[in-house]
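Notes to accompany the following structure.
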Amino acid sequence: MDVGIQMMFQSWGYGPEVGDDQVYDEEIRLAVLADELGFDALWPVEHHFEDYSFCPDNTQFLSYMAARTSRIKLATGAVILPWHNPLRVAEKVALLDHLSGGRAFFGMGRGLSRREYEPFGLDMDTSRDRFDEASRMILDALETGFIEGDGPYYPQPRTAIRPRPRRTFKGRVSSVAMSPDSVQQAARLGIKMVVFTQKAWEEQREIFEGYGREFRRHHDEEPPPPLICDYTYCHTDPAVAEARAREYITGYMSSLLHHYELASDHYKDTRGYEEYGSNVEAIRHLGLERMAQAYLDVQAWGTPEQILERLETRRQVVGAYDLDLCFRYAGMPYEEAEASMRLFAAEVLPVVHDWSEASSAA
């Protein structure tokens with residue numbers, strides 16, 4: 001199992017005394033520490049404009065981290081394709097791979113927040129088509145060294161990517177897949193699917209199985225294990241772990257509901273987001289308290305032993321998976337985030353690193 005670090009760049013919950021410069025300083029310190037502690041990848045998000053998260057260019061950030069780290073993989077988590085020109089994305093990813101000595105991993109996504117779409121002047125109804133058109137152009141460019149396209153959104157004459165991609169990106173590409181059509185597209189493209197922990201694992205298993213069936217239908221090989229993203233907290237005292245997890249993880253959930261307006265009716269009328277629209281009434285009916293408990297129940301937190309038990313139970317349901325953990329979010333002081341990460345690295349990471357896909361299948 002690969003275990004990466006999700007970098008959130010969140011000031012929600014920290015108060016006005018924590019400026020954007022402090023947020024970046026703390027994220028960088030954790031990223032350097034992750035490299036030293038043996039984590040497998042850095043996964044900085046792309047978000048704009050708000051306290052929820054603000055990393056407007058994760059390829060630029062990872063270029064900086066390439067010089068600050070020595071071995072860890074540098075993964076975009078993710079580049080939101082409808083907000084970018086495909087030519088520029090291909091150039092930036094190829095350049096990152098050169099600057100990092102081949103450590104780049106290209107993750108992409110479609111985006112969900114109208115709070116971000118509207119300032120860019122983009123219609124969310126076009127996001128599915130924009131993503132599908134751009135993703136194929138970029139993946140072809142990273143393999144061939146040339147980008148071209150004749151689609152309605154990104155007409156592009158054949159153009160060289162310089163510096164040329166240094167080696168294939170096959171096995172080094174992922175896509176966020178939180179809606180049925182995104183799951184299907186990731187499978188058709190033959191790339192790793194990325195999901196955020198939100199649902200009971202019995203429900204999530206059906207999604208993974210559907211991805212696997214579609215992947216095998218298009219490709220003569222087995223699909224890679226999915227990447228699952230959790231908000232975590234690790235402490236030696238189970239009572240402290242529960243109290244802090246309840247404070248910070250449910251605090252993050254509140255920021256999630258606000259930023260994405262998940263209880264809003266606008267998704268019902270937005271093409272490509274019908275799945276989110278169908279969940280609105282369920283969210284309203286469930287209520288904040290029960291929703292927070294359900295969200296907390298599926299995340300990976302607790303003592304090292306409790307976290308291992310949670311991860312193993314998950315593995316028995318969904319099979320092999322990789323993990324992407326966020327350690328700093330929702331007002332958690334830096335010192336607590338670092339202590340949580342160090343404890344996880346010392347007592348959980350060596351165990352899950354030894355979990356094999358074969359044992360998961362068994």
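The values are calculated or read from the model by the stated rules, or taken from the named source; none is laboratory data. Here the structure is a predicted model, which means the values were calculated and not measured. FYI the Cβ positions are ideal-geometry reconstructions off the backbone, even for glycines, and counts take in every protein chain you see. Side chains included, ligands, DNA and RNA excluded: accessible areas come from the protein's heavy atoms. Shrake-Rupley method; radii C 1.70, N 1.55, O 1.52, S 1.80 Å.
I'd like to know if region 13-27 contains one or more residues that are touching a Phe, Trp or Tyr at 6+ places or on another chain (Cβ under 7 Å), in contact (Cβ under 8 Å) with a residue 12 or more places away in the chain and part of a strand (DSSP E or B).
No, region 13-27 contains no residue that is touching a Phe, Trp or Tyr at 6+ places or on another chain (Cβ under 7 Å), in contact (Cβ under 8 Å) with a residue 12 or more places away in the chain and part of a strand (DSSP E or B).
What residue, among those in region 173-188 that are crowded, with 21+ Cβ neighbours inside 10 Å and not hydrophobic (A, V, I, L, M, F, W, C), is nearest to Gly102 (Cα to Cα)?
Here the answer is Ser174.
For Tyr117, are the conditions met, namely being part of a loop (DSSP other than H, G, I, E, B) and either at pLDDT 95 or above or under 23 Å from Val45 (Cα atoms) (or both)?
Details: part of a loop (DSSP other than H, G, I, E, B): no; either at pLDDT 95 or above or under 23 Å from Val45 (Cα atoms) (or both): yes.
When the stated conditions are applied, Tyr117 does not pass them.
Just the residues that are of a type in the set (A, V, I, L, M) and open to solvent by less than 60 Å² (accessible area, probe 1.4 Å), please, taken from region 199-242. Reasoning before the result, please.
Start the filter on region 199-242 by keeping residues that are of a type in the set (A, V, I, L, M), which leaves 200, 207, 227-228, 239-241.
The answer is Ala200, Ile207, Leu227, Ile228, Val240, Ala241.
Please determine, by comparing only the residues of region 24-42 that are open to solvent by 20 Å² or more (accessible area, probe 1.4 Å) and not aliphatic (A, V, I, L, M), which one is nearest to Gly251 (Cα to Cα).
Only one residue fits best here, namely Tyr24.
Checking the conditions here, which among Leu257, Leu288 is closer than 26 Å to Ser11 by Cα and modelled with pLDDT of 85 or more? Lay out the reasoning, then the answer.
Details: Leu288 fails: modelled with pLDDT of 85 or more.
Matching residue, one of Leu257, Leu288: Leu257.
Looking only at region 43-70, which residues are assigned to a helix (DSSP H, G or I) and buried (at least 16 other Cβ atoms within 10 Å of the Cβ)?
Asn58, Thr59, Phe61, Leu62, Ser63, Met65, Ala66, listed by residue number.
Quick test of your reading of the structure: Arg103 fulfils all but one of (1) surrounded by fewer than 20 Cβ atoms within 10 Å (Cβ to Cβ); (2) farther than 28 Å from Gly19 by Cα. Name the failing condition by number.
(1)
Which of the strands (runs of 3 or more DSSP E) found entirely inside region 142-222 contain at least 2 residues meeting this: under 23 Å from the mean Cα position of the chain (by Cα) and of a type outside the set (Gly, Ala, Ser)? Can you show your working first?
Numbers: elements: 146-149, 156-160, 173-176, 192-196.
Result: 173-176, 192-196.
Could you list, in sequence order, the residues of region 12-23 that are buried (at least 16 other Cβ atoms within 10 Å of the Cβ) and closer than 21 Å to Thr76 by Cβ? Lay out the reasoning, then the answer.
Pass one, region 12-23, residues buried (at least 16 other Cβ atoms within 10 Å of the Cβ): 12-14, 18, 23.
The one that is buried (at least 16 other Cβ atoms within 10 Å of the Cβ) and closer than 21 Å to Thr76 by Cβ: Val23.
Within region 113-125, how many residues turn out to be touching a residue at least 60 places away in the same chain (Cβ under 8 Å), surrounded by 15 or more Cβ atoms within 10 Å (Cβ to Cβ) and not charged (D, E, K, R)?
2
Taking region 71-101 as the region of interest, how many residues are closer than 25 Å to Glu36 by Cβ and assigned to a helix (DSSP H, G or I)?
Of the residues in region 71-101, 4 are closer than 25 Å to Glu36 by Cβ and assigned to a helix (DSSP H, G or I).
Report yes if some residue within region 73-82 is surrounded by 21 or more Cβ atoms within 10 Å (Cβ to Cβ) and over 27 Å from Glu261 (Cβ atoms); otherwise report no.
Scanning region 73-82 turns up at least one residue that is surrounded by 21 or more Cβ atoms within 10 Å (Cβ to Cβ) and over 27 Å from Glu261 (Cβ atoms).
(1) open to solvent by 20 Å² or more (accessible area, probe 1.4 Å); (2) in contact (Cβ under 8 Å) with a residue 12 or more places away in the chain: which one isn't true of Ala90, the others all being true?
Condition (1) is where Ala90 drops out.
Answer yes if at least one residue in region 287-302 is charged (D, E, K, R), more than 22 Å from the chain's Cα centre (by Cα) and over 19 Å from Cys234 (Cα atoms), and no otherwise.
Kept after step one, since they are charged (D, E, K, R), are these residues of region 287-302: 289-290, 297.
Restricting the remaining residues to those that are more than 22 Å from the chain's Cα centre (by Cα) gives 289-290.
Now drop any that are not over 19 Å from Cys234 (Cα atoms), which leaves 289-290.
Yes, the conditions are met somewhere in region 287-302.
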